[in-house]
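Following: one structure in structure tokens, then a few remarks.
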Amino acid sequence: MRNALLLRCCLSVKKLSYGYRELTSISGNPLIDHSDNLVIVEGKARSRTAILNRPSSLNALNISTVARLQKLYKSWEENPDIGFVVVKLKCGLKFLKGRGKAFSAGGDIVSLYNLIRQGNLEECKQFFWTIYSFIYFLGTYLKPHVALLNGITMGGGAGVSIPGTFRVATDKTIFATPETLIGFHPDAGASFYLSHLPGYLGEYLALTGDKLNGAEMLSCGLATHYSHIPKLPLVEEQLGKLITDDPSVIETTLGDHGDIVHPDQTSLIHRIETIDRCFRHDSVEEIIDSLENEAAQKNDAWCLSALKKLKEAAPLSLKVSLRSIREGRFQTLDQCLSREYRMSLQGISGHITKDFVEGVRAKLVDKDFKPKWDPPSLEHVAEDMVDQYFSPLSAFEPELELSTKQREAFV
């Protein structure tokens, strides 16, 4: 990966157009917020800090926040006075962090829910187009990127941090991709980075929506460094003082002022052999059978807990998500994002199922926690329903356009 970054950094940075979808937004679109302080910027030495600033919504991402990040990052990448890149270019170092209890709880799905119910699917498409385009931009970014993941880091919040160079977890970090529990699928690049985790841990996280803490993120590679919360200001202070064109200095600084941690004995990281045995299978049904056999043979409470999570998820989402992770293992970042864009548009269209609207209603709006999935069980999920999620969009619906000719994707 670093060789690929080094190659990109040797290329000249061109002024690019990143292909935002041209749509006319209604004035009442809840995904658009014209507030000036959605992203706060701080500048120090040769670095820039972008602070996500929607604490009342756990820093849920909307179109305006992501578009602001895109504009800032593009200008910083083109500014030769701002540091350098992870693999040696002349430019800067950036930090991304969040105010409040969350780095980012993901996309603003309640606003998406409201737009879908109003029939405003075009506004929803604009959201996915905007955030996926930014994730690709970040994943091919020509400067070092440090994400301080101090709090909830889920869904789209993970998408706008994990593709970057350095990810610093803390004792307050909570990572998850809980989309199957709301009738959706792990997106925002999740099929790329989850599929590259050790063994079949990605399948486990994608299907169950289980959480990881900061130490577990470090252990499996989702985080590159770790800092206890009291030391985080010192880490920020030392990073802010850096004036260097050597990216290894950034890594050394993070290492010198970070902490060494290991997952505790109850961590699912210590269950990796069981996870591999159960989640290596080709179908969700086989995965469930394997977990049930494991639970019966060993009277294992952890297996029973995993089964409970799977049975709470939308059956169609489970099958779609498993296939997505399996395909992601053999695709580049841009291929994963392009496929996820198709899947997301299918997921919100209501043509195959209305599970996303029902899941958000049950979990986040009415909060009765009793979603009525359709189809209601795995045996009712037809193969063609799954296939539709992965099919090309219609001739009248543009595919996601990413700047792959100018920016090389990770393999």
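Details
- Members of the range 252-261 that are in a loop (DSSP other than H, G, I, E, B) and either surrounded by fewer than 13 Cβ atoms within 10 Å (Cβ to Cβ) or touching a Pro at 6+ places or on another chain (Cβ under 6 Å) (or both): I260
- Among residues of the range 374-405, those that are more than 22 Å from Y193 (Cα to Cα) and surrounded by 15 or more Cβ atoms within 10 Å (Cβ to Cβ), counted: 6
- Residue within the range 188-198 that is open to solvent by 10 Å² or more (accessible area, probe 1.4 Å) and either under 28 Å from P376 (Cα atoms) or in a loop (DSSP other than H, G, I, E, B) (or both) present: yes
- Single condition V320 does not satisfy, out of (1) open to solvent by 40 Å² or more (accessible area, probe 1.4 Å); (2) under 27 Å from G164 (Cα atoms): (1)
- Residue selected from the range 262-287 under the condition open to solvent by 20 Å² or more (accessible area, probe 1.4 Å) and among the hydrophobic types (A, V, I, L, M, F, W, C), by the criterion nearest to E327 (Cα to Cα): I272
- Scanning the range 332-369 for residues that are assigned to a loop (DSSP other than H, G, I, E, B), open to solvent by less than 40 Å² (accessible area, probe 1.4 Å) and farther than 19 Å from V381 by Cβ gives a single hit, T332.
- When residues of the range 288-304 are limited to those that are surrounded by 14 or more Cβ atoms within 10 Å (Cβ to Cβ) and among the small types (G, A, S), the one farthest from the chain's Cα centre (by Cα): A295
- Among the residues here, Q388 qualifies as more than 30 Å from I269 (Cα to Cα) and touching a His at 6+ places or on another chain (Cβ under 8 Å).
- In the set (1) over 11 Å from H185 (Cβ atoms); (2) under 21 Å from the mean Cα position of the chain (by Cα); (3) at pLDDT 95 or above, the condition left unmet by S344 is number (1).
The values are calculated or read from the model by the stated rules, or taken from the named source; none is laboratory data. Keep in mind the model is a prediction, meaning the values are calculated, not measured. Don't worry about glycine lacking a Cβ; one is built from the backbone with ideal geometry, like all the others, and counts go over all protein chains shown. Ligands, DNA and RNA are excluded from the accessible area calculation, which covers all protein heavy atoms including side chains. Shrake-Rupley method; radii C 1.70, N 1.55, O 1.52, S 1.80 Å.
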